[in-house]
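Each remark here refers to the structure printed beneath this line.
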Amino acid sequence: MSDRTLTLQVNGRPYTLEVPSGQTLLETLRESLELVGVRDSCGIGMCGTCTVLVDGRAISSCLTLTAQVENKHITTIEGLSQDGQLHPVQQAYIDHGAFQCAYCTPGFILSTVALLGENANPDDAAIREYLAGNLCRCGSYVNILNAVRACRTIDD
Ligand code: FES
Ligand code: FES
């Protein structure tokens, strides 16, 4: 496999890297940039633990080649907080105890951020549908739903 020199925009910073042509974004983020909040699990697009944002949209980094996202804006869980303040979605997950082992949590939080970017007031059905690609083996779904509800512009 030949390497290519790519420039990636990750969490607001540019990185120029030598990337093997078949390397996934998951591998690049974890192995080259040491952003291990991007979780590696199924590797086949079934669990959502590897979710990151690309230009604000949630994608599975295990199914995405790094070369496909050159010069796009990539956000991982490490890039959500600003000036030492947790993102409101991160805070809501803490406030609602929306995790146990937390392995799935970065992916859920980033999917929630993407959902709210598209729809500031999703109803419960819309939340469940949007987050259906994120799995939680600990079964924290009720608390996750409550955390997302709390982030809506109009809470009930
Ligand atoms: S590791 Fe990417 S969806 Fe499971
Ligand atoms: S909190 Fe453990 S997998 Fe979701």
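Here, each number is a calculation from the coordinates, and none is a lab measurement. Only a predicted model underlies this, so the values are computations on that prediction, with no experimental measurement involved. Here the Cβ positions follow ideal geometry from the backbone for every residue, glycine too, while neighbour counts run over all protein chains shown.
How high is the relative contact order of the chain, in percent, counting Cα pairs under 8 Å that sit 6 or more residues apart? The value is 23 percent.
In percent, what relative contact order does the stretch 88-150 have, based on Cα pairs under 8 Å that are 6 or more apart in sequence? Write out the running numbers ahead of the final one.
Details: 56 pairs, mean separation 34.9, N = 63.
RCO, the stretch 88-150: 55 percent.
Compactness of the stretch 36-156 is given as radius of gyration and Dmax, 13.6, 43 Å, from Cα positions. The phi torsions of the stretch 57-73, fed into the Karplus equation with coefficients 6.51, -1.76 and 1.60 and a -60° offset, translate into couplings of 9, 7, 9, 8, 6, 6, 9, 10, 6, 4, 4, 6, 10, 4, 6, 8, 8 Hz, rounded to whole numbers, with Gly and Pro shown as x. Per-residue 3J(HN,Hα) values for the stretch 98-104, derived from phi via the Karplus relation 6.51 cos²θ - 1.76 cosθ + 1.60 with θ = phi - 60°, read 8, 6, 10, 6, 6, 4, 7 Hz in sequence order (x marks Gly and Pro).
This ranking places 21, 41, 2 by how few other beta-carbon atoms lie within 10 Å of each, fewest first, which gives 2, 21, 41.
Residues considered: 90, 68, 82. Largest GNM mean-square fluctuation over the chain, using C-alpha springs under 10 Å, is found at 82.
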